[in-house]
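Where a number appears in this text, it was derived from the coordinates with a stated rule and is not lab data. For clarity, every value in this text was computed on a predicted model and none was experimentally measured. Please note: Cβ atoms are built from the backbone with ideal geometry, for glycine as well, and neighbour counts cover all protein chains shown.
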Amino acid sequence: MHSARTVALAAGFALLAAPAFAHAFLKTASPAVGSTVSQAPGQVMINFTEGVEPRFSTITVQNAQGTPVETGKPHLVGGDTHLAVALKSLPPGTYTVVWHATATDTHKTQGTFHFTVASK
Amino acid sequence: MPTFAPDGGAPLVLARGFAVAFMLSVSGTLTFRTVVMPRTYSYLASATIGPIEHGLVRWSRISLIFAGLGLCAWLAAVTFYLATPATIGDWADDLWVVLTTTSFGHVLLPQILLLVATAVVLGRSPSAGRWRIGLVLGTAAVILEVGHDHAYAMATGLSFLEVSQALHLWAAGAWLGGLLPLLLVVRLAPPPEAAVAARRFAPLGQVCVMLMAASAFVQGWILIGSTKALLDTAYGWTALLKAGLFAVLLALAVLNRYWLAPDLRGRHPDLARRRLIRSVSVETCFGLLIVLVAAMLSQLMPGMDMSMAR
């Protein structure tokens, strides 16, 4: 009886746990937002606050001259909240990531951030 | 004043509202027929039962057809919003992509199939058992609406918000979707017997009103997030508008339940019937308006997200 009540209470609290956001916003990124990395990354990965649709989401990465440096289309990595795009071999410099996300409830969000590849 | 910019614009809001309105009508008509009418029929002369049953079957069919068309229109609007196709041909190609590769499509397709299954089960002249099976299928199509909303996208498992939205949808269907069937019975049945239907509808309506109010409060609490967001955002203002319309609906329902419906058994039943028909018609119009406002709400950024958006 005691354990059944505990399970019921736990289930109730689990259901009560409020979600954080209702649209897909950037939660974390790799390379991190505004970071300087010593080694050029092979991809940019963004972890969103909710699931995104890869066919209708984009990640573009541009160098300081505005030239795109990503290769291929964005793809999901281990679940629908992580979207990544592969990159060419990046020389040192500052790069701009522009993302447009379409969440699974079809709402669109967008954002920009920078990262720097340090000189050797 | 906040900026009202729903995702996808007016076409998407209207398509969504149209689809949801008719799906609520499907659920409401089937609930009305299954819950309210069986005992009501025992009070009616057989000459009255036939036209009422025929009317309910016909309205179910119309609701199913328009719900299906509404879902297709919504699919087209969402596709245009997501893919921004350059040509009609591109749009057609993108429709298939949206339907088969997105979460939206993965929910919409079962909804369409459930509506088709409901129509097949009901057929031309459904038995009591077929009405009940139809009710389960039609209600399932409505409940799946949760899969299109913020709560489903936000949660990693079954959440309180999703349960709240499912209850809200069921209650909206049973109450608002049951108004036109009630109107049909009030029009066709003799006033004293129409009073029976109104009286049997009342407890269902009361339960639905309480569920809708409670679940709306939960959703508002979570999705708006703060008093500032309630007063400063388009989402908050739209939620307040919805609450205002709900208050009007409630007032009309109280008027119908405690004044107009009982008068059907009074000294001037035909006058009472005309007044009740007018009142339920107005109530239905406000119900439709509230569904459109809810569609707008679903396309706006919730107040809880505004700090991230800035």
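Here are a few things to note about the model shown:
- Shown for chain B are the DSSP H helices of 27 Å or more along their axis, judged by Cα atoms, with a mean Kyte-Doolittle hydropathy of at least -1.0: B:9-31, B:46-83, B:103-122, B:191-224, B:234-255, B:269-299.
- With each label modelled as a point 7 angstrom along the Cα→C-beta vector, the B:Ile62-B:Arg187 pair spans 0.7 nm.
- Cα shape, region B:59-176, gyration tensor, a/c 1.5 rule: oblate
- Reach of B:Lys242 by Cα under 23 Å, taken over lysines that are not fewer than 8 positions away in the same chain: B:Lys228
- Convex hull (Cα only) mean projected area of chain B, reported in nm² to one decimal: 17.1 nm²
- If you plug the beta carbon distance of B:Arg39 and B:Ile277 into 1/(1 + (r/R0)^6) with R0 = 25 Å, you get a FRET efficiency near 0.70.
- The protein assembly as shown: C-alpha gyration tensor shape, a/c 1.5 cut-off, then a/b vs b/c: prolate
- Over chain B, relative contact order from alpha-carbon pairs under 8 Å, at least 6 apart, %: 26 percent
- Relative to the current alpha-carbon distance between B:Leu255 and B:His268, full extension at 0.36 nm per residue lengthens the span by 3.0 nm.
- Using a cutoff of 8 angstrom between alpha carbon atoms and counting only pairs six or more residues apart, the relative contact order for region A:21-117 works out to 35 percent.
- Helix-only arithmetic for chain B: the sum of -39500 (n - 2.57) across DSSP H runs with n ≥ 4, divided by the residue total, places the mean residue ellipticity at 222 nm at -26500 deg cm²/dmol.
- B:Met1/B:Trp221 FRET efficiency (R0 35 Å; Cβ-Cβ; nearest 0.05): 0.90
- Cβ-Cβ FRET estimate between B:Ala213 and A:His114, R0 fixed at 60 Å, reported to 0.05: 0.80
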